[in-house]
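Input: a single structure, listed below in structure tokens.
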Amino acid sequence: MHERPLLPVVQSCDHCAACCIRTPVPPFQPGEEEALNVPAEWLEAVHLRIAADQHFDLIPCVWLDIESRRCSHYDFRPQACRDFEINSDLCRLSRWDEGLD
């Protein structure tokens, strides 16, 4: 029987963004944008992507700054992003999917 390799321990989100690379829009729950007071101009790209029917594609989040690999509007990110735990199985699998150690 072949053993599966152990996933690495993740201690930092720096230079990662694996969780955002395949999440095309911030995963807001209904009404969450209003509750967080997200500026309307920051939601335009989100609404355009949804209108283009790209909100289920495996493409980077519209709020992700690809160069810095950081959220452009971090303080306004949805609860789902806030709850995504560093070093969780989903975190480590996302990194593995992206080829990050």
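Checking each residue in the stretch 40-65 for being part of a loop (DSSP other than H, G, I, E, B) and either of a type in the set (D, E, K, R) or surrounded by 11 or more Cβ atoms within 10 Å (Cβ to Cβ) (or both) picks out Asp53, Gln54, His55, Asp57, Ile59, Pro60, Cys61, Val62, Trp63. Every residue in the stretch 66-90 that is in a helix (DSSP H, G or I), hydrophobic (A, V, I, L, M, F, W, C) and at pLDDT 95 or above, please. Hits for the stretch 66-90 are Phe76, Ala80, Cys81.
Under the condition of being part of a loop (DSSP other than H, G, I, E, B) and touching a Lys or Arg at 6+ places or on another chain (Cβ under 9 Å), the residues counted in the stretch 14-26 number 7. Residue pairs whose Cβ atoms lie under 7 Å apart, separated by 6 or more positions or on different chains, with the first residue in the stretch 41-55 and under 17 Å from Gln29 (Cα atoms) and modelled with pLDDT of 95 or more and the second in a helix (DSSP H, G or I) and hydrophobic (A, V, I, L, M, F, W, C), are Trp42/Phe76.
The values are calculated or read from the model by the stated rules, or taken from the named source; none is laboratory data. What you see is a predicted model, and the numbers here were worked out from it, not measured in a lab. Virtual Cβ from ideal backbone geometry, glycine too; neighbours counted across all protein chains shown.
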